[in-house]
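Remarks on the structure that follows.
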Amino acid sequence: MMKRRIILAGGGTAGHIEPALAVGREWLRQHPADECVFLGTSSGLETTLVPQAGFPLSLIPKVVMPRSVNLDLLKFPLRFLSSIRAARESISGAEVVIGFGGYVSASAYLAARLEKVPIVIHDANATIGWANRFGSLFTDYLAITHPVEDGKFREALLTGVPMRDDVQQSFLKAESDWKDARIMAKKALGWNPDLPGILIMGGSQGSVSLNAVIDEVRSELSSKGIQILHSVGSKNELPPSTTSYKAVPYIQEIATGYLAADVVIARSGAVTVAEMGALGRFALFIPLPVGNGEQRKNASELVDAGRAMVIEQKVFTAKWILANIDSLLAASAATPIFGSNVDIHAASKIVALVEHAIAQRGDSL
């Protein structure tokens, strides 16, 4: 069988990249003779995560949509054309383009349209991003994580969020005995299984504001017997670790952290919410205070299920944490010990949609 080239476009943050990696892995598991090539920009996290995952990465110029009338707006058309031109070089002759949003995707969608290559789009967020809304002008093969009430994505396939391999495998292993899985995860982190643990994440780039609050309270939390694993972000200063507090730039094998933690404190990006739903007990989500409000919407299903709480960033202070940590731990203890399989098969559902798009293209030739 002739090798087919599959293009996956999604970059910038882990929220776009991790679902793309999950689909790439699932595609090669089902079609080992094919090649999956990732499209990204030189400034995104894909320059680290994609090569680490063993996939080839093709870079195109990053183009940011100007939000006001300025010099960048005048330069935008030429920059966009340059990015499209570069994307066409990578996409020409490909079997399909699978897009996940982010700066790279808009160029990829238009390039794929010009090259007459089928497009499949997945959006992980509760609010569809502008690049994916733009891409939907050129395709009917759409997949979503949350139901959408209006627009073209209203008819999209509901798949969930494609899971990282360690999260998916950890869920499958934990299904037989969730209590033992959580105890073993605490031991793997060097934690005392009889003491509470907290996992703190500020997104793939970290969060200066969340880090500052935790820096204020970590000593007092430790004195209460609380164990902490803190992902501070690769660009932020790494605080000194202690026996009960460990700071790391980025957590590659996140599944152990989710299983071990009694409470997850994090931004509510779509991937984080899905992973927390699969493996976690209870979450305190602090949505990004900028954007179109999608992070608050992402968390709504876990909140409705009693497995999460959402507060605004301005409320998240050292005083608030110390006053509420006991109630957060109590809420966690009241939740079921098992996780959720809602998103576990998302990657295979998207692969099936891609296969359908390729087959439809073949029928029309």
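Quick notes
- In the range 126-152, the residues that are over 19 Å from the mean Cα position of the chain (by Cα), surrounded by fewer than 23 Cβ atoms within 10 Å (Cβ to Cβ) and part of a helix (DSSP H, G or I): Phe134, Ser136, Leu137, Phe138, Lys152
- The set of residues in the range 153-196 being under 30 Å from Thr127 (Cβ atoms) and more than 23 Å from the chain's Cα centre (by Cα) is empty.
- Verdict on Lys297 being touching a residue at least 24 places away in the same chain (Cβ under 8 Å), of a type in the set (D, E, K, R) and out of contact with any Lys or Arg (no Cβ under 7 Å at 6 or more places or on another chain): yes
- Out of Val342, Val315, sole residue that is loosely packed, with under 12 Cβ neighbours inside 10 Å and in a loop (DSSP other than H, G, I, E, B): Val315
- Looking across the range 20-38, the residues that are within 15 Å of Ala352 (Cβ to Cβ), of a type outside the set (D, E, K, R) and touching a residue at least 60 places away in the same chain (Cβ under 8 Å) come down to Ala22, Val23, Trp27, Gln30.
- The listed residue being in contact with a His (Cβ under 6 Å, 6 or more places away or on another chain) and in contact (Cβ under 8 Å) with a residue 60 or more places away in the chain, out of Ile200, Ile265, Ile226: Ile200
- Filter result for Ser176 (outside any loop (DSSP other than H, G, I, E, B), of a type in the set (Gly, Ala, Ser) and not assigned by TED's automatic domain parsing to the domain that holds Leu49): no
- Evaluating Asn324 against the criteria (1) outside any loop (DSSP other than H, G, I, E, B); (2) in contact with a Ser or Thr (Cβ under 8 Å, 6 or more places away or on another chain) leaves one unmet condition, (2).
- Sole residue being over 23 Å from Ala87 (Cβ atoms) and touching a helix residue (DSSP H, G or I) at 6+ places or on another chain (Cβ under 9 Å), chosen from Arg133, Arg154, Arg182: Arg182
- The range 193-242, residues that are touching a strand residue (DSSP E or B) at 6+ places or on another chain (Cβ under 8 Å), of a type in the set (Gly, Ala, Ser) and not in a helix (DSSP H, G or I): Gly197, Gly202, Gly203, Gly206, Ser231, Ser241
The values are calculated or read from the model by the stated rules, or taken from the named source; none is laboratory data. None of these values were measured; they are calculated from a predicted model. As a convention, Cβ positions derive from the backbone with ideal geometry for all residues, glycine included, and neighbour counts pool all protein chains shown.
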